[in-house]
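Peer 1: I'd like to ask some things about the structure below.
Laboratory data are not the source of any read-out in this text; all were calculated from the coordinates shown. If you're wondering where the values come from, they're calculated on a predicted model, not measured in any experiment. Using ideal geometry, Cβ is built from the backbone for each residue, glycine included, and neighbour counts are taken over all protein chains shown.
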Ligand SMILES: *Cc1c(COP(=O)(O)O)cnc(C)c1O
């Protein structure tokens, strides 16, 4: 298979239409067979549920080329599980897990020419998503839905080297207590856009959100979970019902315990204690871990000892181990790597 003529190293994190996308429609209470199609455009009712009441959920995962030339995906079963939880919360039908994984395979295989070569640092980003597609004017769930998986090649996250981030403690909340913070819904992002643009205008890379109930505990950023490392090398991550369960974060904690022999802990983390940590990182599929160098709480600067020029030593060890597993250099736990071709 001949690769597309793309300057892989120069790619950013943007959308580029590829040759095929998977589409399946839910109508009269059942999913159709689904198919790979070439048209990147969608025609739906002007009154579609997704357009009026934001009935839409999504996922994100990557396919990449390993050192020995295979194309693989990382833990797509967990994306299927999480999509199921998101769908149930927004009163949408569930797309069966086996079919989800099969559709991921088909999309990657049919777009193999867009999967960046090993060593480029680039990857093929997959975006499964579902939305209410028929007309809804009174507030109620749609009766027809579309499930799709699109893919697009994306560039290396740390182009030109790792730069630790400066983040601020946000005055706005991303979730409500007992709300939808723990599902991957478009609505959680719509309401974060004002705040991220404002953060950038104020010179910050990200917003750290506090627990919406008491605003005293750390939750996550707009699109990534947070891990901290204590001065005695324990890996700690916030526990809360309104955090999105990041697959990267869950994998990193297992790697910390089973591969690095580190103690790990999921517990409530007070805003007041963050000055005591040695390292901090944001985790998600896009970057795996982005190190945080500085947290600003209303003018009070908390500078992490790991500094503003490189990843802290524990963060780096976790990053190297997980990316090593993903790239096939380090043996993976059972089921983590799904070979596509
Ligand atoms: C998708 C997402 C993450 C990261 O999850 P991964 O499964 O690791 O990619 C973290 N926080 C939020 C709010 C998200 O939407």
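Peer 1: Give segment 79-93 a look and list any residue that's out of contact with any strand residue (DSSP E or B) (no Cβ under 7 Å at 6 or more places or on another chain), in contact (Cβ under 8 Å) with a residue 60 or more places away in the chain and surrounded by 18 or more Cβ atoms within 10 Å (Cβ to Cβ), or say none.
Peer 2: Hit for segment 79-93 is 82, nothing else.
Peer 1: Residue 131 fails exactly one of the following numbered conditions: (1) buried (at least 17 other Cβ atoms within 10 Å of the Cβ); (2) in contact with a helix residue (DSSP H, G or I) (Cβ under 9 Å, 6 or more places away or on another chain); (3) under 30 Å from residue 5 (Cβ atoms). What is the number of that condition?
Peer 2: Result: residue 131 passes all but (3).
Peer 1: Looking only at segment 64-77, decide whether some residue is more than 16 Å from residue 141 (Cα to Cα), touching a residue at least 40 places away in the same chain (Cβ under 8 Å), surrounded by fewer than 20 Cβ atoms within 10 Å (Cβ to Cβ) and within 14 Å of the ligand (Cβ to nearest atom).
Peer 2: Checking segment 64-77: at least one residue is more than 16 Å from residue 141 (Cα to Cα), touching a residue at least 40 places away in the same chain (Cβ under 8 Å), surrounded by fewer than 20 Cβ atoms within 10 Å (Cβ to Cβ) and within 14 Å of the ligand (Cβ to nearest atom).
Peer 1: Just checking, does segment 253-267 include any residue being touching a residue at least 40 places away in the same chain (Cβ under 8 Å) and within 14 Å of residue 230 (Cα to Cα)?
Peer 2: yes
Peer 1: List the number of the failed condition for residue 109; all other conditions in (1) in a helix (DSSP H, G or I); (2) surrounded by fewer than 24 Cβ atoms within 10 Å (Cβ to Cβ); (3) touching a helix residue (DSSP H, G or I) at 6+ places or on another chain (Cβ under 9 Å) hold.
Peer 2: It fails just one condition, (3).
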